[in-house]
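Values quoted throughout were computed directly from the atomic coordinates according to the rules given, and no laboratory measurement underlies them. The structure presented is a predicted model; accordingly, all values stated were derived computationally and were not measured. For neighbour counting, all protein chains shown are included, and Cβ atoms are generated from backbone atoms with ideal geometry for every residue, glycine included.
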Amino acid sequence: MPEWVSERGIGETRMALVADDEILEARILIHGIAVAGLNLPARLVSGGRNGVARDQAGNEYLLPKGSGKASEGQMLDILVTRSAIPGPEPWKRALARIAEADEGLSDPVGCANGSLPASWNELIEEARSATVRFAGGELRISPTPAMTLIDVDGYLPAEELAVRGAEESAKAIRRLDIGGSIGIDLPTTGSKAVRQRAAEAIDAILPKPFERTSVNGFGFLQIVRPRRRASLVELAQDRAGFEARALLRRVAFEPPGGKRIVAHPAVVKVIEEQGGWTDQLARELGGAVELRGDAALPMSGGYAEPL
């Protein structure tokens, strides 16, 4: 039976719904970014519709449903409905609403601690490359400000690829935690029956709630599902931060002892700016941690060597 497991790492908490060592769903929660479902106190900065509230850490939350009768400067209990989203622009503000009177503080991320399967590394590579490969084809995933686009391509016959591509797209949407508006570009096929089979494949794999269109004659359909946080693909677009946290996870699982981390200078800078990260890693390894930048390395090419 599928089971959620979590792994609290350095700078992030990783969660996966696992069945038979296969990751069905995954989440990466960045420390310091309020998660959807969290109830917290905040001060109203500006009122009215699309008001803004600010928590004690200085993070701002947009209130799309308005601030009700609250006045500017008043302390409120707010419920986070969507975490801040990274993208080409600076981090977008989180969304929230005024909490109901009977909504107490909550822990929306609680699940059993456990070991993530080895396929976690493959999942991270999918997020990093925004590419999902399967027998006979691949998906190319492109986050845009309007929607996430998934292009299905391959060498299978068009009708077979349309159905298989729909199946793999639904699995990837779930596995990579993709929410909001999603467009899937399947191979064009003149068969209405094949297009219906492709749509039914999505319905069978993707958990509710979501809405979708039919597959049109050009092979395109749109899905809309709840968007409560950034997808793994979106998180990977912040390359230096994403690679820094992934590198620290790899090093944390190496044999104990002092380590010198060698990585691209941008990755080293992220780790240096988070002073507590090296201290935490040193405690976990039982030895000192040093950093060295190497501009010849790719962002994902960092490694550790014993001191």
- Query: In the chain, which whole DSSP H runs stretch at least 18 Å along their own axis (Cα) and average 1.0 or higher on the Kyte-Doolittle scale?
  - Reply: none
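Near ILE10, within a Cβ-to-Cβ distance under 14 Å, what is the net charge of the other residues, with Lys and Arg +1 and Asp and Glu -1?
Values: positive: ARG8, ARG14, ARG245, ARG249, ARG250, LYS259, ARG283; negative: GLU7, GLU12, GLU243, GLU254, GLU272, GLU273, ASP279, GLU284.
Spelling it out: positives minus negatives among the neighbours equals -1.
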- What FRET efficiency comes out for the pair GLU160/TRP4, r = Cβ-Cβ distance, R0 = 41 Å, nearest 0.05? 0.75
- Task: Would you work out if the range 119-225 is rounded, prolate or oblate? Take a ≥ b ≥ c from the square roots of the eigenvalues of the alpha-carbon gyration tensor; rounded if a/c is under 1.5, else prolate when a/b is larger than b/c, oblate otherwise.
- Result: oblate
- Neighbour count of at most 14 Cβ within 10 Å plus DSSP loop: longest chymotrypsin sites (Phe, Trp or Tyr not before Pro)-free window in the chain: 1-154
- Query: How big is the chain on each of its three principal axes, counting only the C-alpha atoms and giving the largest first in Å?
  - Reply: 61, 59, 39
- Query: Of MET75, MET147, MET15, which is the most mobile in a GNM of the chain whose springs link Cα atoms less than 10 angstrom apart?
  - Reply: MET75
- Note on the structure: Over the chain, the sum of -39500 (n - 2.57) across DSSP H runs of at least four, divided by residue number and rounded to 500 deg cm²/dmol, gives at 222 nm -8500 deg cm²/dmol
- Query: Could you state the number of Å between the C-alpha centres of the range 131-171 and the range 18-35?
  - Reply: 22
- Between PHE220 and MET75, what is the spin-label point distance in nm, taking each point 7 Å from the Cα along the Cα→C-beta axis? 5.1
- In the structure shown, of LYS69/LYS92; LYS171/LYS192; LYS208/LYS269; LYS92/LYS269; LYS65/LYS269; LYS92/LYS259, the pairs separated by more than 31 angstrom at the C-alpha atoms are LYS208/LYS269; LYS65/LYS269; LYS92/LYS259
- Once LEU307 and PHE210 are pulled to full extension, the length gained, defined as 0.36 nm per residue separation minus their Cα-Cα distance, is 29.8 nm
